[in-house]
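Written out below as C-alpha cells is the structure these notes cover.
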Amino acid sequence: MKLKQYLALCLLIFLLVACGGRDSGDGGVVLNVGWAGSPDTLNLGVAVLTEAYTIAELVYESMYQLNLDGTYTLEVADTVLLSDDGLVYTYKIRNGITFHDGEPLTARDVAFSYRLYQEQEGYPFLSIYTYYFDTIEAPDDSTLVLTLTEPIPNIESQLLFLYILPEHIWSEVDPVEYENTEMIGSGPFKMKEYRQNQFVHLEAVKNHHLQSPKIDGVIFRTYDNQDALVQALRTGQVDMITEMPNTAVATLRNDSNIEVVVGPPLAPSVTDIIFNQVLPENCPPDDGVCTGHPALLDRTVRLALSHATDKQQIIDVVLLGLGAPGLTLIPDSLGVFYNDSLVDYAYDPALANRLLDEAGYLDTNGDGVREMPDGSRPLTLRMNWPSDSTSAPRMAELLNSMWGAVGVRTELQALDPDALTAICCPSFDFDVILWGWGSDPDPGFLLSVMLTDEIPTGNSETGYSNPAYDALYRQQAVELDKNKRIELIWEMQRIVFEDVVYIIPYYAQETQAYRVDRFTGWRTDGDKVALEDPSSLLVIEPVK
Amino acid sequence: MRYFRIVLRKLAWAVFTVVFVICLNFFLFRVLPGDPARAGIRDPRLTRQAIEAIQVRFGLDKPVINCVESLNPFTPGDCLINPLQTQFFIYVSNLLRGELGISYHSNRPVATILREQLWNTILLIGVAQVLAIVLGMTLGIAAAWKARTPIDYLALLGSLMAWSLPTFWLGIILLFWGSTSLGLPTAGKSTPGANYATLWQQWADLGRHLILPTLTYTIVFLGEYMLIMRSAVLDVLSEDYILTAKAKGLSTFQILKDHALQNAMLPMVTIIALNLGFTVAGAIQIESVFSWPGLGKAIFDAVGRRDYPVLQGAFLLIAVAVILANLIADLFYSYLDPRVQTE
C-alpha cells in the first residue's frame, strides 16, 4: 500500500518537473525583471519606498521627465512660458493624451492633482514639492497656470514626482485610504496585475502619445533573497535584475550570456563621515548638548584625518571595488552639478603625521595616542553608526586602524537609528558618525544641509557654519540662469571641500545586469545606470 | 459526563489564554523603542506637522492607556481621561468588532493581508508537514523494528544529519540545484503573467513552485519525527506484552499495527500538535529563500517597520493556532490514553 502511494507521489513530482518548461502564455513579448523590493503601496501620496516610484515612472506621467544626463524635457506639456518676475509658469498641455481607461487628460486633471498634493495633510512627502506653490489655475482644458510664492531655479525637480492623476477617479475616493490597485495613469505602461510582495505586471500602451514601448509588457518579480535573484538571472527565469550583492558581480561577469552594468545610480546617494564641528556660540539653545571633541574644530586635524584615510582601500573592502572615491556631499550622480574639478586629498599618513606634529598635537605620554596641544585630553574620538547598516561596521574597523596609525584613537559603537538621531542633531552629542544621504535630482537639499540656519533644525549634522557659503546658497536659490547656478554650486563645493567639513569615503555605484540573449537596446551609455527606467524599457526589443 | 467536564475546563483555559495574549500583544510591541511614524524613513524633510499627521491617522497621538502616555520612553499620563480615548480601548473594541486595523506600511487592512499570507503558509507548511510526518514515522518504525541493523544505522545517521542541517543553507543549495538541473522556479508561488488554459495547468504551475520549498522543509523536519518515533517504538517493543504477542505467533505487521503503534503514538501526538500550531507562524528562513509570500516573512518585515497592527494581528493568529492545536492534542491524548481522563 505505502509503496504504491510513494510511487504515485514520485510520479506526480516527476510530471510536475517534466511538464513545466517556461510558461510563455499569450501575453506577447514580456520582459521579466527581478528585484529585491516591492512597492509598499501604489497610492503614491502615502508611499515611501523607491520601488513605488519606479512603477509610477512607467505608469504615470508628470510635467517633466528626467533624462539620464540630469537634464529635463517636458512630458504632458508642449510649451512653457515663464513670467518676467519668475513667478508664473504657463503650461500648454498636449492634445490627445488619454488615461488608460480612455478618458482624456486635461489641464483640469493636472490642477486637481497639484491641489491634492498641496492640500492633503496625509501626503507627507509629496507636499514638500508644493512648498513654493501659491495658486494653481486651469482656465481651459489645455492651459495650466502655476503661480509661485518666490522665484526658484529648479521648478523641474519640484514637478518631477507630482504625477498626474485622473480627477474622475481620485475626486471620488478618500485619497489617503485608497489603495489604487488599478493605477489608472497616462504613461507608456498600464497596470495589468498587482500582487503585493510578489509581482507587478505591466502591459504596454500601444499608440501612446509620446512613445510606445517595443515590448508588450514587463513583469517585476520580487525576490526576498539576493542569491536567488542572481540565480534567477543565470537560469533565465528573469531577463534583467535591478540590483545584486557586490559579491555576485565577478561570477556574473564570467557568464557569456550576461552583461553587468556598473555606474552612478539614478537616485543620488552619498556616504559620509560626519565631524562634529559645531562652535559653542552655535550650539542650539533648546536641544544642544554639544559635547564634540575640541580637536575636530581645528581644520588641520580634519585635514590630517583626510590624508590618513585610504578611500580606495575602503572601497575595495566594503564595496568590493564597486564605488568611486567621494569629494563632497554632492555626489557624481547629480551630473552637471557635481564639481569634478576638485583634486582629492591624497592618502599620505606621513603627511598626516607631520600636519598633526606641526599643529602641536603630540603624544607626550608615549601611549600611542596624541594629546591636545595644551595636554588637556587625548585625541580619542567616539565613532558611531546606525546598527542597520551593513557597510558601516567594516568601514569603522578600517578607519580605526588607519587613524590609529597617525595617533588618533577611535572608540567604536553601533547605535539604533533612533538613538543615533538623538545624539546626532540638533543635540551634537557625538564626535564622528558614519552615515549617509539620499537626494533628489536637484542638489538644493544636500547643499542646505551645511547651512548655519540648519544647525538648530537638525538637518545640519556637522554644525558647520560659514557666512560665505550661506551667502552663495541664497544666491543660487534664486538664480534662474542654469549655467550661472551651476557655477555658484561648484564654488560652494570648493569651499566645503577646502574646509574639510566631511570626509566622503565613496559614492556607491549601482550594479545591474541583463541577459544578452533575450533583449537588446538597453541604454548603458548614459551618465547613470537605470535599466528599469523608461529610457531603456521604451526602446529595448527582443533578440531576433 | 466526566469527559464533558474535562473538555469544558480545557476550553475555559484556552479562552482565558487568548484574552491574556490579546492584552500582552498590545503592550509588547509598544515597549519596543522606535516610532512607527518614522520607522524606515530617514527623511529630514519630513516636517513635524507631517509626522503629527501620520500619528493622528494611525491613532498614535492618543495615550496608550489611562495613566500612561507612552511606554518607550515611559511617560506617565493623565489617569482621569475617558478610557474610550486610549489606544488600548480602541484596539480592544475594534478587535471585538473583528477589525484588525490598517497596516502602517502598506495602507491595507491587516485582515486582508493576513488572510492571503495565511493560506500560502498553510499550503506550503501543511504539505511539507504531512510529508515529513508520514515519511518520518514510517522510517522511525522501520528503524525501530530493524534496530541495530544497517537499515537502522543508515536511517539514524540520515535523520541526525537532516535535523542538524541549517535550513537557510539547505534551501539555497536545493534552489541552486533545482533551478539549474531541473529548471524549477526560483521564487514565488506562481509564474506571473502566465495564462492558464486549464485548471490542471494552474495546479501544475503551483506544484512546480512548491517542490523546492516543500522538499527543504520536509528534509529539515523529517529527522525529528523519525528519531522520536524510533525511540517511542523501541520503548514499546521492549514491553512484556509484545513478547507475549510474539509468543502467540502474531506477524510482525500485526504486532506493530495492533499492539505497538497506539502506545508509541503518544509522544508523536504532542510533537505534531506543537509543530502544527506553529505552522501558521510560517518558516521565515524557507519563505525568504524561496520568496514565498507567507506569514513568517510578513511578520519579519513588520517587526522592522514597527507595523503594530500587522504584528498584533499575526501574533494573535499564531497564539490562537497554538492554543487550538494544544487543545486538540489534549483532547486527543485523553482519547488515546484513558489514564489521562481519570487523573
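The values are calculated or read from the model by the stated rules, or taken from the named source; none is laboratory data. Just so it is clear, the structure is predicted and the values come from calculations on it, not from any experiment. All Cβ positions, even for glycine, are placed from backbone atoms using ideal geometry, and neighbour counts span all protein chains on display. Surface accessibility is based on the protein's heavy atoms, side chains included, excluding ligands, DNA and RNA. Shrake-Rupley method; radii C 1.70, N 1.55, O 1.52, S 1.80 Å.
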| field | Inter-label distance, nm, simple model (7 Å from Cα along the C-beta direction), residue A:320/residue B:335 | value | 5.5
| field | Cα-centre dipole for the protein assembly as shown with unit charges at Cβ (Lys and Arg positive, Asp and Glu negative), debye to 20 | value | 5000
| request: Using only the Cα atoms of segment A:61-170, build the gyration tensor, take square roots of its eigenvalues as a ≥ b ≥ c, and label the shape rounded, prolate or oblate: rounded if a/c is under 1.5, else prolate if a/b is larger than b/c, else oblate. | output: rounded
| For residue A:140 and residue A:81, what is the calculated FRET efficiency with R₀ set at 22 Å and r taken between the beta-carbons, to the nearest 0.05? | 0.90
| Between segment B:263-299 and segment A:73-119, how many Å separate their Cα centres? | 53
| remark: With the charge dipole of segment B:174-247 built from beta-carbon charges (+1 for Lys and Arg, -1 for Asp and Glu) about the Cα centre, the Cα from B:194, B:210, B:245 projecting farthest to the positive end belongs to B:194
| remark: Under the rule rounded for a/c under 1.5, else prolate if a/b exceeds b/c, else oblate, using alpha carbon gyration tensor axes a ≥ b ≥ c, chain A is classed as oblate
| field | Per-residue ³J(HN,Hα) for segment A:386-403, Karplus 6.51 cos²θ - 1.76 cosθ + 1.60, θ = phi - 60°, Hz, x for Gly and Pro | value | x, 5, 8, 8, 8, 8, 4, x, 5, 5, 4, 4, 5, 5, 4, 7, 5, 6
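Can you compute the FRET efficiency between residue A:131 and residue B:74 using 1/(1 + (r/R0)^6), with r the Cβ-Cβ distance and R0 = 60 Å? Round to the nearest 0.05.
Working: r = 37 Å, r/R0 = 0.61.
Rounded to the nearest 0.05, the efficiency is 0.95.
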| query | Once you average over the residues of B:190-202, how many Cβ atoms of partner chains fall within 10 Å of each Cβ? | reply | 5
| request: Could you work out how far the C-alpha centroid of segment A:384-440 sits from that of segment A:131-178, in angstrom? | output: 40
| task | Can you figure out the FRET efficiency of residue A:342 with residue B:154, using R₀ = 45 Å and their beta-carbon distance, to the nearest 0.05? | result | 0.05
| From the phi of every residue in segment B:229-234, what ³J(HN,Hα) in whole Hz does the Karplus formula 6.51 cos²θ - 1.76 cosθ + 1.60 yield, where θ is phi - 60° and glycine or proline is x? | 4, 4, 5, 5, 5, 4
| request: Just name one of A:469, A:322, A:421: the one whose Cα is farthest towards the positive end of the charge dipole of segment A:269-508 (beta-carbon charges, Lys/Arg +1, Asp/Glu -1). | output: A:322
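Sort the following peptides by mean Cβ neighbour count (other Cβ atoms within 10 Å, averaged over residues), highest first: A:487-497, B:294-304, A:54-64.
On the way: A:487-497: 18.9, B:294-304: 22.1, A:54-64: 23.6.
For the peptides A:487-497, B:294-304, A:54-64, the packing ranking is A:54-64, B:294-304, A:487-497.
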| When the Cα centres of segment A:489-535 and segment B:76-115 are compared, how far apart do they sit, in Å? | 44
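For the protein assembly as shown, what proportion of DSSP beta bridges, expressed in % and rounded to the nearest 5, is antiparallel? Present the calculation step by step, with values, prior to reporting the outcome.
Working: 59 of 77 bridges.
Close to 75 percent.
Mind ranking A:199, B:221 by accessible surface for me, highest first, 1.4 Å probe?
On the way: A:199 10, B:221 45 Å².
Solvent-accessible surface, decreasing: B:221, A:199.
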| request: Label chain B by shape, choosing from rounded, prolate and oblate, from the square roots a ≥ b ≥ c of the eigenvalues of the Cα gyration tensor; if a/c is under 1.5 it is rounded, and otherwise prolate applies when a/b is larger than b/c, oblate when it is not. | output: oblate
| request: Name the residues whose placed amide hydrogens come within less than 5 Å of the amide hydrogen of residue A:510, ignoring near sequence neighbours (fewer than 5 apart) on the same chain. | output: A:263
| Spin-label pair residue A:376/residue B:4, simplified geometry with 7 Å Cα→Cβ offset, distance in nm | 8.6
| task | Once you have the Cα-Cα distance between residue A:520 and residue A:387, take 0.36 nm times their residue separation minus that, and quote the gain in nm to one decimal. | result | 43.8 nm
| task | Determine how large the accessible area of residue B:67 is when every protein chain is in place; take a 1.4 Å probe and give Å² rounded to the nearest 10. | result | 50
| field | Dipole of the protein assembly as shown, positive end: most advanced residue of A:142, A:111, B:254 [Cβ charges, Cα centre] | value | B:254
| note | For residue A:543 the rounded accessible area (nearest 10 Å², probe 1.4 Å, non-protein molecules ignored) is 60
| query | Between residue A:134 and residues 5 or more places away or on another chain, which pairs have amide H atoms under 5 Å apart, with H built 1.01 Å from N, and which residues are they? | reply | A:147, A:148, A:149
| Violating pairs (Cα-Cα greater than 31 angstrom) within the set A:484/A:528; A:190/A:482; B:10/B:246; B:10/B:62; A:92/A:544 | A:190/A:482; B:10/B:246; B:10/B:62; A:92/A:544
| task | With a point put 7 Å past each Cα toward its Cβ, work out how far residue B:55 is from residue B:15 in nm, to one decimal. | result | 3.9
| said: Using a 7 Å offset from Cα along Cα-Cβ at residue A:495, what residues in segment A:447-469 end up with backbone N under 19 Å from the label point? | reply: A:447-457, A:459-469
| query | Any idea what the dipole of chain B comes to, in debye rounded to 20, about its Cα centre with Lys/Arg Cβ at +1 and Asp/Glu Cβ at -1? | reply | 220
